[in-house]
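In what follows, a single structure is set out as structure tokens and then discussed.
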Amino acid sequence: MTQMSPSSALSAEPQRGRWQAVAYEARHKDKELKGKLLLAGPETFAPPLRRPLKAQGWHAIYIGMKSFLGYGDTSAVKFKLKDDPCYWLLSQTIGMERSERDPATRADWIRYQIQDCFFRCADCTGQVLEIAQNSTGLVDPCAIAYIRLVPLSASEIRMLEKRRKTRGAGRLICMNDAFSFMYERHPTSREEIGEEILPFRDTDFAAMYWCSARADNCLYPTKVGTVMRTEHMDFPRIGDRYVAESMRTLLSRAVDPMGTALEYTHRCGMEFHASIRVESFSAEQPWDRAFRSQFFVNHPEWRCVDYDGRQIARMSYAMPEVQEHMLALIREILGYGVDGINLIFTRAQPYILYERPVADEFRKRYGVSHLSVGERDPRLLALRAEFMTGFLQRVRRELDSKSRNGRRLQLSVVVMANEDINRFHALDLRTWVSQGLIDELSPGPFGMNREEPTPIEVPYFASLTKATACRLCPTLRPSLIKARQAIPAAQRFYQEGADGFAIFDMNLYQRFPVEWAVWQQLGRKQELDTILRGARMDLNTWQLTSVGGTVVDKYSPRWAY
């Protein structure tokens, strides 16, 4: 590792602005390894390093990475080859995969491990590898032990090229919240936006669903909605300030985050759909410092009203003015040339309750007040659903009016886990499918509220989409399904009628090599048995025996702290 350049960026002692090179020894079974660790802490702000790979032909590139402190903290580093338009972020998986072990055992196990992290396969002829610390935003410390190149055989190269040219039978979608990477990494350039998307190149992912708007709180230069402000704002979390500052800096440099993400996505051969969380208008204090729509503030008269008469912090889609506002936002987004609109109904319900249009229409039809019947009266549920279906019909007409070259713009929806929950919250999915309003239905493990993980009733949703043009792509959440469980879960959902999967917050897991290797293969519907049989979930690791001349494997000096 000390062959990196410039050599002036290396130091034997910890210094700001320089990587510390520390001798180490490690073993794996009967093999021993010696070298220099490159360390950069949260205050180091180390400069990029470069190293010619000095190899010919195709190789698998592995990076030896260690938890910086040894607490199970992730060691995140950026890598790129000389032809890459931006960096790739890579983290070791040790802390995550062992999270179910006893905490004391887990901490002891991971403390002095080097994980052999797969980076990518590439033709290394004339290549130079560049390494950079992730030193903006919530800075990631890092510890790098080695670079390992494994030559690919002729048959492996043919297989790799074949897989890159084809996708599996199942549709695979990355749902990127477009917020977390700003929150964590404080991007201020086009290339840093591209880092979120480049890893999906040459994978089975067919589409990127980029959350461009939380209701009308927008992560692009909107004229309809609200862009997060920085002036005189006391943010609830430092990451929220990073988001606001990133937006201000990017826009001042004429960098449109959504437009840039769309460009990178299309360059990777993927569809780009703009996601909208339909009810993320505002929240209670102190969250409203970061998430507050001016439309929400200006129009309390159009908010949802609960059965007991209390106003709810949601804008009601029963109100014509709210529908018009959101349709204007959708028209603005369609102007970017997106391939579709993705409406996220989960984690934001309700959208329609008992506002005046609902109350008046119920009395007109049935001659009694809605308050004289229960909330689950079938007539009241059906009436509320009519208002939301009316909105979906208008969205569909907007998309159809903007369709180009005979290609239908796609409308997809992310909904709750079963029929009862969706029905209560005014989502008439059967009508949406039968009328051809939506092209993709993505039920997720979401219950009556955000805090209730709920099993997805895939057979019910399959009964709606069977023999229709609407795809069924259940939402999978890596935070709820561990890598070891992902393939069996995908097989079960395929058997129950799924056409593919939308991976929720995939952007939070693409940096972890074990998780990434599993999730990106779930579209290979016909190959999952073979993939499962050949899958290796165990981590290839080296046990550190000494660091900087200090013995660490038997009697750890860290025990005293």
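The values are calculated or read from the model by the stated rules, or taken from the named source; none is laboratory data. Fair warning: this is a prediction, and the values are worked out from it, not measured in the lab. Cβ atoms come from the backbone with ideal geometry, glycine included; neighbour counts cover every protein chain shown.
Overview of values
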quantity	calculated
Matching entry among T226, T222, T265, T203 (being under 22 Å from L409 (Cα atoms), outside the structural domain of L138 (by TED's automatic domain parsing) and surrounded by 21 or more Cβ atoms within 10 Å (Cβ to Cβ))	T265
Residues of region 313-336 that turn out to be in contact with a helix residue (DSSP H, G or I) (Cβ under 7 Å, 6 or more places away or on another chain) and among the small types (G, A, S), as a count	2
Residue match in region 111-126 (condition: in contact (Cβ under 8 Å) with a residue 40 or more places away in the chain and touching a Pro at 6+ places or on another chain (Cβ under 6 Å))	yes
Scan of region 434-463 for residues that are of a type in the set (A, V, I, L, M) and modelled with pLDDT under 95, ordered by number	M448
Unique match (being in the same structural domain as T260 (by TED's automatic domain parsing), under 30 Å from T44 (Cβ atoms) and surrounded by 20 or more Cβ atoms within 10 Å (Cβ to Cβ)) among M182, M175, M208	M182
Unmet requirement for R164, which otherwise passes all of (1) surrounded by fewer than 15 Cβ atoms within 10 Å (Cβ to Cβ); (2) under 29 Å from E32 (Cβ atoms)	(2)
Count of residues meeting criterion [under 29 Å from the mean Cα position of the chain (by Cα) and not in a helix (DSSP H, G or I)] in region 365-422	14
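For every residue, the table says whether it meets (1) within 23 Å of Y209 (Cα to Cα); (2) out of contact with any strand residue (DSSP E or B) (no Cβ under 7 Å at 6 or more places or on another chain); (3) of a type outside the set (G, A, S).
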residue: G340; (1), (2), (3): yes, no, no
residue: I344; (1), (2), (3): yes, no, yes
residue: Q349; (1), (2), (3): yes, yes, yes
residue: L353; (1), (2), (3): no, no, yes
residue: E361; (1), (2), (3): no, yes, yes
residue: K364; (1), (2), (3): no, yes, yes
residue: S372; (1), (2), (3): no, yes, no
residue: A385; (1), (2), (3): no, yes, no
